[in-house]
């Protein structure tokens, strides 16, 4: 793969800044991407080669490049695309991401997206370790193991942290359920009132309508981006205006959560963060 030039990397960062600003994101976050773009454009060395040789650590030695920006640049150099930019442009396609993993072609990528309702490589990595991927037609033991190995390389340190969490139960850094539920409530209220900018999602939108509200907020030092779920499963179950997907990032730690209306058990009728039901139960028990 040809390495992107400094000008190309800078343009990606500038475009992210432009979209964040247009979507009313925090001005400090917008400025961080603009400052990063200026640093990359002015660098005398190839930033792409720095990323390939020294990874994120080498990039953070540059002025105005923190761990979060460093990871974004390193991923862009490695994959030739920015997930954040695609998300801001409404062009997120899980199948395209999954096809980056060796051994996963178009058919298998479609089965994953359809059967597991996941959208990121991080979620795919978790599914490969918790047994869900093995339940998808075409994924025997050997193929699942190959996916695990490939994702460990693609996701680097972030993947290893998730593997450790899946195998020894340790929690990585993530926002509190209180913060996630607050973002969910604010997003749905502002989306319902028509107060948010909307983007044109690429998937399931043949008319090219700008219907998907997007919100950027800061809480507990985290940068959040919230959108309604635009997956095949959400459309099939008519949950596109119920399920809220929240992306979060802080100091290089990033992830994604989905908040839904619970329909069963003690939390029935309440908003719940998938996978963190016990924490939500404790949150509501305290009057949250």
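Considering only residues that are outside any strand (DSSP E or B) and either touching a helix residue (DSSP H, G or I) at 6+ places or on another chain (Cβ under 8 Å) or without any contact (Cβ under 8 Å) to a residue 12 or more places away in the chain (or both), look in region 221-234 and name the one that is surrounded by the most Cβ atoms within 10 Å (Cβ to Cβ).
Once the filter is applied, the top-ranked residue is 231.
Right, residue 76: under 16 Å from the mean Cα position of the chain (by Cα), surrounded by 19 or more Cβ atoms within 10 Å (Cβ to Cβ) and within 25 Å of residue 97 (Cβ to Cβ) or not?
Answer is yes for this residue.
How many residues are under 20 Å from residue 97 (Cα atoms) and at pLDDT 90 or above if we restrict to region 202-225?
1
Can you go through 111, 87 and tell me which one is at negative phi and either under 13 Å from the mean Cα position of the chain (by Cα) or surrounded by 22 or more Cβ atoms within 10 Å (Cβ to Cβ) (or both)?
None of the others qualify; the one that does is 87.
Hey, does region 198-220 have a residue that's in contact with a helix residue (DSSP H, G or I) (Cβ under 6 Å, 6 or more places away or on another chain), closer than 23 Å to residue 113 by Cβ, crowded, with 16+ Cβ neighbours inside 10 Å and not assigned by TED's automatic domain parsing to the domain that holds residue 75?
yes
Name the residue that is surrounded by the fewest Cβ atoms within 10 Å (Cβ to Cβ), counting only residues in region 91-108 that are in contact with a helix residue (DSSP H, G or I) (Cβ under 6 Å, 6 or more places away or on another chain) and assigned to a helix (DSSP H, G or I).
Ranking the candidates gives 95 first.
State which residue pairs qualify: first residue in a loop (DSSP other than H, G, I, E, B) and inside region 6-32, second residue surrounded by fewer than 18 Cβ atoms within 10 Å (Cβ to Cβ) in any location, beta carbons under 6 Å apart, and separation of 6 or more residues or different chains.
23/197; 26/218
Scan region 140-194 residue by residue and report those that are on the phi > 0 side of the Ramachandran plot and either in contact with a helix residue (DSSP H, G or I) (Cβ under 9 Å, 6 or more places away or on another chain) or at pLDDT 80 or above (or both).
156, 194
Out of 49, 61, I need the residue that is touching a residue at least 12 places away in the same chain (Cβ under 8 Å) and surrounded by fewer than 19 Cβ atoms within 10 Å (Cβ to Cβ). Which one?
So the residue among 49, 61 that is touching a residue at least 12 places away in the same chain (Cβ under 8 Å) and surrounded by fewer than 19 Cβ atoms within 10 Å (Cβ to Cβ) is 49.
Just to be sure I understand, how many residues within region 242-269 are farther than 18 Å from residue 283 by Cα and touching a strand residue (DSSP E or B) at 6+ places or on another chain (Cβ under 7 Å)?
Looking only at that region, the number is 12.
Might you check whether a residue that is under 13 Å from residue 180 (Cβ atoms) and either outside any strand (DSSP E or B) or over 15 Å from the mean Cα position of the chain (by Cα) (or both) occurs anywhere in region 249-261?
yes
What residue, of 48, 32, 53, 43, is within 19 Å of residue 249 (Cβ to Cβ) and either in contact with a helix residue (DSSP H, G or I) (Cβ under 6 Å, 6 or more places away or on another chain) or at pLDDT 85 or above (or both)?
When all the criteria are applied, what remains is 32.
Given 239, 202, which one is out of contact with any strand residue (DSSP E or B) (no Cβ under 6 Å at 6 or more places or on another chain), touching a residue at least 40 places away in the same chain (Cβ under 8 Å) and part of a loop (DSSP other than H, G, I, E, B)?
Going through 239, 202 in turn, just one is out of contact with any strand residue (DSSP E or B) (no Cβ under 6 Å at 6 or more places or on another chain), touching a residue at least 40 places away in the same chain (Cβ under 8 Å) and part of a loop (DSSP other than H, G, I, E, B): 202.
Report the residue count in region 7-24 for those that are within 18 Å of residue 71 (Cβ to Cβ) and surrounded by 19 or more Cβ atoms within 10 Å (Cβ to Cβ).
The total comes to 7.
The values are calculated or read from the model by the stated rules, or taken from the named source; none is laboratory data. Note that the structure is a prediction, hence the values are computed from the model and not measured. Neighbour counts are summed over all protein chains in view; Cβ atoms, including those assigned to glycine, are modelled from backbone coordinates with ideal geometry.
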